[in-house]
Amino acid sequence: MSTRGSQVPAEHWESIYRDRSSDELSWSQAAPATSLQVIDELGVDPGEAVVDVGAGESALVDALLARGHRRLTILDVAHGSLERARTRLQTVPGASSVDWVVHDVLTWTPPVAFGLWHDRAVFHFLTEPDDRRAYVDVATRAVAPGGFLVVATFGADGPERCSGLPVQRYDTEALAAQFAPEFLPVTSRAQSHRTPWGAVQPFTWLATRRRPSS
């Protein structure tokens, strides 16, 4: 979960992964059920290039490898978070094909055109308009025309802060407006995420499709 806006030092997220176990991280989940449901609904082919932005130690990469995906880029600003995931996957078939990238998404140069951009709980940390515009610019360069962008943020009634930082909350319409007009809404849903200690956090999920090239 930890690729964040440029105003937040990478060390903030490195320290969180250094000092906390998985069950002390509010975003932890045993299985990425909603992510997979949305990906299934979009019909993303296993041959497509996929980037998981701010992935941290998320199990989405495990699930996608099990489904036959081999063009996976896992991006996070915290090296420690990716090391946790990489260690976990050492003996998993296909794991050697994963591209592990330590970088701030706002200054990242995408190496290929992706068929799917996935972001669970990064975008809501971008509280400054300039950072949000930078994010959308990078996503526009990264996602192939006709490709999909999936983003999940705290809902309009979700927490106001996370990991000691303020967040920007969204309903579906407000979130879609951030990516218009280049990305067109496809599907959305509300989700109640239960943290490892039992707190409930409302999330807004939005799947969009980049406009086909003219």
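The values are calculated or read from the model by the stated rules, or taken from the named source; none is laboratory data. Note that the structure is a prediction, hence the values are computed from the model and not measured. Cβ sites come from the backbone with ideal geometry, for glycine too, and all protein chains shown count toward neighbours.
Below are the figures for this structure:
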| read-out | value |
| --- | --- |
| Hits in segment 14-36 (condition: under 16 Å from the mean Cα position of the chain (by Cα), loosely packed, with under 13 Cβ neighbours inside 10 Å and part of a helix (DSSP H, G or I)) | 33 |
| Residue within segment 108-119 that is touching an Asp or Glu at 6+ places or on another chain (Cβ under 9 Å), small (Gly, Ala, Ser) and not in a helix (DSSP H, G or I) present | yes |
| Of all residues in segment 77-97 being in a loop (DSSP other than H, G, I, E, B) and within 16 Å of the chain's Cα centre (by Cα), the one that is nearest to residue 22 (Cα to Cα) | 78 |
| Filter result for the condition that a residue is hydrophobic (A, V, I, L, M, F, W, C), modelled with pLDDT of 95 or more and in contact with a Pro (Cβ under 6 Å, 6 or more places away or on another chain), over 180, 190, 156, 142 | 142 |
| Scan of segment 65-87 for residues that are farther than 26 Å from residue 9 by Cβ and either surrounded by 18 or more Cβ atoms within 10 Å (Cβ to Cβ) or out of contact with any Gly (no Cβ under 6 Å at 6 or more places or on another chain) (or both), ordered by number | 65, 66, 67, 68, 69, 71, 72 |
| Pairs, first at positive phi in segment 143-154, second surrounded by fewer than 23 Cβ atoms within 10 Å (Cβ to Cβ), C-beta under 6 Å, six or more apart | 146/212 |
| Selected residue (only one of 41, 48 is within 25 Å of residue 112 (Cβ to Cβ), of a type outside the set (A, V, I, L, M, F, W, C) and part of a loop (DSSP other than H, G, I, E, B)) | 48 |
| Residue within segment 85-103 that is among the aliphatic types (A, V, I, L, M), over 24 Å from residue 31 (Cα atoms) and in contact with a helix residue (DSSP H, G or I) (Cβ under 6 Å, 6 or more places away or on another chain) present | no |
| Extreme residue, nearest to the chain's Cα centre (by Cα), among residues of segment 135-162 that are of a type in the set (Gly, Ala, Ser) and crowded, with 19+ Cβ neighbours inside 10 Å | 152 |
| Hits in segment 101-126 - residues which are of a type in the set (A, V, I, L, M, F, W, C), surrounded by 18 or more Cβ atoms within 10 Å (Cβ to Cβ) and under 16 Å from residue 57 (Cα atoms) | 101, 121, 122 |
